[in-house]
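Enquirer: Sending over a structure as structure tokens; questions will come in a sec.
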Amino acid sequence: AQTVTQSQPEMSVQEAETVTLSCTYDTSESDYYLFWYKQPPSRQMILVIRQEAYKQQNATENRFSVNFQKAAKSFSLKISDSQLGDAAMYFCAYRSAIRHSGNTPLVFGKGTRLSVIA
Amino acid sequence: DAGVTQSPTHLIKTRGQQVTLRCSPKSGHDTVSWYQQALGQGPQFIFQYYEEEERQRGNFPDRFSGHQFPNYSSELNVNALLLGDSALYLCASSPSGGGSYEQYFGPGTRLTVT
């Protein structure tokens, strides 16, 4: 079974600074997807960024980028120019690419609570 | 375009009772997954419905059951509620098939068992 580990329960960052959230995962599969989700106090899970394992290029979405190290099974999220609205729980998630009828489920880490200091 | 909707928002039940939670997927999505998120934890996969059948199931007891209707909406039923069932229940929808499709989440139902 796949597992996802987020070793930082809490992180804080000054507004406008950069912060990196860590995530490692364990899998025997070679084809999969990785995601970072944001969960603000409103509870709605919002996709921040995704990475296909077969792509060597790290994904980037505006101020958010990832450092995907497939051999090390590491998938960190970098937030640049942090804003107050970035404060939330951040979850790293894994999804197998093995085709099932329907869609393979997400396996989540325990999350990192990010605080942004004005 | 409405996203994923869930009802009710909050629910308080007594131990031993039964509860039904509802989810309507995003337009164009035919697969619905349910997750349980205990306080301070990441979501855990309960089961997934596609073509009105349970296709995949996580490590949850048979007290957790579900249903999917022809319009792709879904229900999650929990029987013989335990205190440990108190959690945020999230519904996620996605299109079927492979690919890095995003699972769109609803706002969740907060269940409290007393």
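Enquirer: Please state which of the following conditions residue A:33 fails to meet, knowing it meets all the rest: (1) facing chain B (nearest Cβ under 10 Å); (2) under 25 Å from residue A:14 (Cβ atoms); (3) surrounded by 20 or more Cβ atoms within 10 Å (Cβ to Cβ); (4) hydroxyl-bearing (Ser, Thr, Tyr).
Expert: For residue A:33, the failing item is (2).
Enquirer: Another one. Looking at A:107, A:48 in this structure, which one is among the β-branched types (Val, Ile, Thr), in contact with an Asp or Glu (Cβ under 8 Å, 6 or more places away or on another chain) and in a strand (DSSP E or B)?
Expert: Of A:107, A:48, the one residue that is among the β-branched types (Val, Ile, Thr), in contact with an Asp or Glu (Cβ under 8 Å, 6 or more places away or on another chain) and in a strand (DSSP E or B) is A:48.
Enquirer: Scan the range A:65-103 residue by residue and report those that are within 9 Å of chain B (Cβ to nearest Cβ), open to solvent by less than 10 Å² (accessible area, probe 1.4 Å) and among the charged types (D, E, K, R).
Expert: Within the range A:65-103, A:95 is the sole residue that qualifies.
Enquirer: Within the range B:65-84, can you find the residues that are within 14 Å of chain A (Cβ to nearest Cβ) and within 18 Å of residue B:108 (Cβ to Cβ)?
Expert: B:66, B:74
Enquirer: Can we say residue B:88 is more than 20 Å from residue A:35 (Cα to Cα), in contact with a Gly (Cβ under 6 Å, 6 or more places away or on another chain) and either within 11 Å of another protein chain (Cβ to nearest Cβ) or surrounded by fewer than 20 Cβ atoms within 10 Å (Cβ to Cβ) (or both)?
Expert: yes
Let's see how each residue does on (1) open to solvent by less than 10 Å² (accessible area, probe 1.4 Å); (2) within 11 Å of chain A (Cβ to nearest Cβ); (3) closer than 14 Å to residue B:11 by Cα; (4) not β-branched (Val, Ile, Thr):
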position	(1), (2), (3), (4)
B:47	yes, yes, no, yes
B:57	no, yes, no, yes
B:63	no, no, no, yes
B:93	yes, yes, no, yes
B:96	no, yes, no, yes
B:101	no, yes, no, yes
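Enquirer: Then there's this: For the range B:1-55, which positions are under 15 Å from the mean Cα position of the chain (by Cα) and acidic (Asp, Glu)?
Expert: B:30, B:52, B:53, B:54
Enquirer: Which one is farthest from the other protein chains (Cβ to nearest Cβ) among residues in the range B:105-114 that are more than 11 Å from residue B:24 (Cα to Cα) and part of a strand (DSSP E or B)?
Expert: Selected residue: B:113.
Enquirer: Identify the single condition in (1) more than 11 Å from every other protein chain (Cβ to nearest Cβ); (2) touching a strand residue (DSSP E or B) at 6+ places or on another chain (Cβ under 9 Å); (3) surrounded by fewer than 21 Cβ atoms within 10 Å (Cβ to Cβ) that residue B:27 does not satisfy, given that it satisfies every other one.
Expert: Checking residue B:27 against (1) more than 11 Å from every other protein chain (Cβ to nearest Cβ); (2) touching a strand residue (DSSP E or B) at 6+ places or on another chain (Cβ under 9 Å); (3) surrounded by fewer than 21 Cβ atoms within 10 Å (Cβ to Cβ), the one that fails is (2).
Enquirer: Within the bounds of the range A:55-64, is there any residue that is touching a residue at least 40 places away in the same chain (Cβ under 8 Å) and surrounded by fewer than 20 Cβ atoms within 10 Å (Cβ to Cβ)?
Expert: There is no residue in the range A:55-64 that is touching a residue at least 40 places away in the same chain (Cβ under 8 Å) and surrounded by fewer than 20 Cβ atoms within 10 Å (Cβ to Cβ).
Enquirer: Just checking: which of the strands (runs of 3 or more DSSP E) contained wholly in the range B:26-82 hold 2 or more residues that are more than 15 Å from residue A:106 (Cβ to Cβ) and among the hydrophobic types (A, V, I, L, M, F, W, C)?
Expert: Because the criterion is at least 2 residues that are more than 15 Å from residue A:106 (Cβ to Cβ) and among the hydrophobic types (A, V, I, L, M, F, W, C), the strands (runs of 3 or more DSSP E) in the range B:26-82 that meet it are B:74-78.
Enquirer: Right, residue B:73: touching a His at 6+ places or on another chain (Cβ under 6 Å) and open to solvent by less than 30 Å² (accessible area, probe 1.4 Å) or not?
Expert: It is false that residue B:73 is touching a His at 6+ places or on another chain (Cβ under 6 Å) and open to solvent by less than 30 Å² (accessible area, probe 1.4 Å).
The values are calculated or read from the model by the stated rules, or taken from the named source; none is laboratory data. Only a predicted model underlies this, so the values are computations on that prediction, with no experimental measurement involved. Here the Cβ is made from the backbone with ideal geometry for all residues, glycine too, and neighbour counts use every protein chain on show. Just so you know, the surface numbers come from the protein's heavy atoms only, side chains and all, with ligands and any DNA or RNA stripped out. Shrake-Rupley method; radii C 1.70, N 1.55, O 1.52, S 1.80 Å.
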